[in-house]
Amino acid sequence: MTEQDPSQAHRATATWDIHQPVARRSLLLAALAALIGLCIAGYGLFTAQGTRTAVVPAEDAALVNTVPILRADLIAQITALYNVPFAQTSPAQRQKVLDDMIREELYVQRGIEMGLSNDDIDVRQALVQATEGQIAQDAMTSKPSEDELRAWYTNHAARYASEGLVTLHEWRVPSTMDPHGAVAKLRGGASPASLGLTTTGRVDDGEEFAFAAEQHLGSAIFAIARTLQNGAVSDPIAMPDGIHIVQMVRNTRPVPTPYAAARDQVLADFLADKVARLQAGNQRFLKKRADIKIAADLR
């Protein structure tokens, strides 16, 4: 093992001996002080008002390129939209309204960039509509081909069909009863009353549109019910409140509308979807390039 040179050890000790004037120590301390100063200056620079990491003022809900969205305006809009006090609204409801207000501000700023008139008395609404109108105009410049429309029609066939109708019952199985046995007896012709089954009361109004039955039953049970043929009985369905059985009386399937008859609506839907996609892409672009800060309690 090599031993340390005594002269080197002496120089290292002397460097930090405050009782001796050493130029090396002065340079090191000066460099350290400069580094600390740079760190403090950098922190102040990047947390100053107008920078991307600035804190949102208490009176604001958000800042969009330093333009404030006032918290009072957010509260007023939420209250008017949902007709309940602000404190009773959910975080999702607040987020939706705030997103809409940020979107509006982005469109207003984009409209000004595009040189649109900003001297209208309803300037904000006018700028938003003008910006959206420009996007819609871009979407309408190229007309879709027949192949594109037919492909859209095929992929969204359910939109262009008549409403299905269903007549069905939903039974709740007592906890003391074997649900599979109850299903077997129902399929064999036994009456629900003789088995002690009780109705949930959700679909007892007779024939109704399929979409209404889905709202009443919920998507999970309706997904099973819609596959049943006339007179069929479902297998037991486990739900949080117990075991359910669906008994289909009559299932009238939707009837597709031929392409030729639905073409005008297909064209309108195709263009509307294209406009919506372009607007969504434009909104993502504006958000990506913008400096948006949201108050911590509204994130």
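Just so you know, all these numbers are worked out from the coordinates, no wet-lab data involved. The model shown is predicted, which means the values in this text are computed figures rather than measured ones. Glycine gets a Cβ as well: all are built from the backbone with ideal geometry, and neighbour counts include every protein chain shown.
Summary of values
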quantity: Helices (runs of 4 or more DSSP H) completely within the stretch 167-228 that count 3 or more residues being surrounded by 12 or more Cβ atoms within 10 Å (Cβ to Cβ); calculated: 179-187, 210-217, 219-225
quantity: Top-ranked residue in the stretch 138-171 [being of a type in the set (Ser, Thr, Tyr) and free of Cβ contacts under 8 Å to residues at least 40 places away in the same chain; ranked as farthest from Val255 (Cα to Cα)]; calculated: Thr141
